[in-house]
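Beneath this line is the structure, given in structure tokens, with notes to follow.
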Amino acid sequence: DAKGEKEILDSWILKHAGDPMYRFGHQQASGVVDPSSQTEDLGDDAMKASMYGIKNLKRILPKLEEWTSEKGETYAELSTMYGELLGQFNRYMGHVTANIGGVYEYYKTTDQEGAVYTHVNKAKQQEALKFLIDNLFKTPTWMLDKNIFGKIEFSGSVERVRGLQARNLNNILDAGRMARMIENETLNGTAKAYTLVSMMNDLRAGIWSELYNGAAIDTYRRNLQRAYLDRMNYLLNEAKDQREINNGYAKQSGITVNQSDVKAVVRGELKRIQRDAKAAAAAGNTLTRYHLQDVADRIGMILDPK
């Protein structure tokens, strides 16, 4: 009968509890909270897996024209497959980003020990952000193939990189993700949690490194830095409150933005960057100087919108 069947099924669950081969995790339809339960990702280390994936993409790219060309045909297939390659790279970046502010969800019955929800450990979150800084925000020049560009488009390479970077940057600077980081620090303390302030410090050091090393800022990096300012403007002046959603497939962290630490941290970071941009504007070439002057002015408008 149903009662007897449940007892048998429960015994099977307890027998395999803790064995990852038998684990079930929900596909997450809107936003990824649990980085260990993602579509197209069956591994236990997104950074290591994504590095292997990028190495394979770097092997594929030089062969892409050869593998997609047929006599008498256009370069339409080359254009399509180049777009697919960049799409795969973007998926790798998404898998890594989910670790920042991530919370594992391991279903348990009441006779199993341990928590259902646990935060991703501090070191893994730090590793994830470093991976993104090194492989995405430092311009991925390996994907900028002039030979391919010359055959598939009259323009678009600069905008394509900007789009990849901005999309993932916005994902990192998501209000719900920031809310989980604030809560992690509150519950577990700074020794165990990757705090929002620490993450923002590390992100600033990666995206605005030229302010501190005196290097010229090229087109790709200028675009990235302006994308950062646009997102910070959104968080400070436009972001809406979110309600908590946890119905299996759909997950969203609740946050009352105006009464959280998010705006205070964003404002503090912007003031720091404005000060550093003004100090660095005297050095560098003309375009770098103009860019940093523009950065300082843009931040002024974000902090005091008219």
- Item | Long-range neighbours under 7 Å by Cβ, at least six apart or interchain, first residue at pLDDT below 95 within region 294-306, second surrounded by fewer than 19 Cβ atoms within 10 Å (Cβ to Cβ) | PRO305/ASN237
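If the requirement is being assigned to a loop (DSSP other than H, G, I, E, B) and touching a residue at least 24 places away in the same chain (Cβ under 8 Å), which of these qualifies: THR74, THR139? Before you say what the answer is, go through the steps one by one.
Details: THR74 fails: touching a residue at least 24 places away in the same chain (Cβ under 8 Å).
Unique residue meeting the criteria: THR139.
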- Item | Long-range neighbours under 9 Å by Cβ, at least six apart or interchain, first residue on the phi > 0 side of the Ramachandran plot within region 192-214, second surrounded by 16 or more Cβ atoms within 10 Å (Cβ to Cβ) | GLY214/ALA280; GLY214/GLY284
- Taking ALA179 as the residue in question, decide whether it is among the aliphatic types (A, V, I, L, M), within 24 Å of ARG267 (Cα to Cα) and touching a strand residue (DSSP E or B) at 6+ places or on another chain (Cβ under 9 Å). yes
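For region 250-260: of the residues being part of a loop (DSSP other than H, G, I, E, B) and under 20 Å from the mean Cα position of the chain (by Cα), which is farthest from GLY101 (Cα to Cα)?
Checked region 250-260; the qualifying residue farthest from GLY101 (Cα to Cα) is GLY254.
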- Checked region 104-121 for anything at pLDDT 95 or above, surrounded by fewer than 18 Cβ atoms within 10 Å (Cβ to Cβ) and not hydroxyl-bearing (Ser, Thr, Tyr); matches are ASN121
- Failed item in (1) out of contact with any Asp or Glu (no Cβ under 8 Å at 6 or more places or on another chain); (2) crowded, with 19+ Cβ neighbours inside 10 Å, with TYR249 passing the rest: (2)
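Matching residues to (1) small (Gly, Ala, Ser); (2) under 19 Å from the mean Cα position of the chain (by Cα):
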| site | (1), (2) |
| --- | --- |
| GLY163 | yes, yes |
| ARG167 | no, yes |
| GLY176 | yes, yes |
| ILE217 | no, no |
- Note on the structure: Of the residues in region 206-230, those that are of a type in the set (D, E, K, R) and surrounded by 19 or more Cβ atoms within 10 Å (Cβ to Cβ) come to GLU210, ARG221, ARG222
- For the subset of region 34-71 comprising residues that are without any contact (Cβ under 8 Å) to a residue 24 or more places away in the chain, in a helix (DSSP H, G or I) and polar (S, T, N, Q), which member is nearest to ASN246 (Cα to Cα)? ASN56
- Candidate set: region 265-306, residues that are basic (Lys, Arg) and closer than 14 Å to LEU229 by Cβ; chosen: the one surrounded by the fewest Cβ atoms within 10 Å (Cβ to Cβ): LYS271
- For residues that are of a type in the set (Asp, Glu) and in a helix (DSSP H, G or I), scanning just region 156-184, find the one that is farthest from GLY254 (Cα to Cα). GLU159
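Applying the selection to region 142-168, what residues are closer than 21 Å to GLN225 by Cβ, free of Cβ contacts under 8 Å to residues at least 24 places away in the same chain and in contact with a helix residue (DSSP H, G or I) (Cβ under 7 Å, 6 or more places away or on another chain)? Give the derivation first.
To start, the set of residues in region 142-168 that are closer than 21 Å to GLN225 by Cβ comprises 143-144, 156-168.
Going one step further and asking which of them are free of Cβ contacts under 8 Å to residues at least 24 places away in the same chain, we end up with 144, 156-157, 159, 163.
Residues satisfying the conditions are LEU144, SER157.
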- Note on the structure: The correct count of residues that are touching a helix residue (DSSP H, G or I) at 6+ places or on another chain (Cβ under 8 Å) and either charged (D, E, K, R) or over 15 Å from LEU196 (Cβ atoms) (or both) in region 245-266 is 4
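Check LEU196, LEU173, LEU203, LEU187 and return the single one that is within 21 Å of LYS122 (Cβ to Cβ) and exposed (fewer than 13 other Cβ atoms within 10 Å of the Cβ). Lay out the reasoning, then the answer.
Values: LEU196 fails: exposed (fewer than 13 other Cβ atoms within 10 Å of the Cβ); LEU173 fails: exposed (fewer than 13 other Cβ atoms within 10 Å of the Cβ); LEU203 fails: exposed (fewer than 13 other Cβ atoms within 10 Å of the Cβ).
One residue alone meets the criteria, LEU187.
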- Query: Going through region 190-242 one residue at a time, which ones are touching a Ser or Thr at 6+ places or on another chain (Cβ under 6 Å) and over 15 Å from ARG162 (Cα atoms)?
  - Reply: ALA216, ASP241
- Task: From (1) among the aromatic types (Phe, Trp, Tyr); (2) modelled with pLDDT under 95; (3) surrounded by 15 or more Cβ atoms within 10 Å (Cβ to Cβ), pick out the condition that doesn't hold for PHE149.
- Result: (2)
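The values are calculated or read from the model by the stated rules, or taken from the named source; none is laboratory data. No experiment lies behind these values; they were computed from the predicted model shown. In this analysis, Cβ positions are derived from the backbone assuming ideal geometry, glycine residues included, and neighbour counts consider all displayed protein chains.
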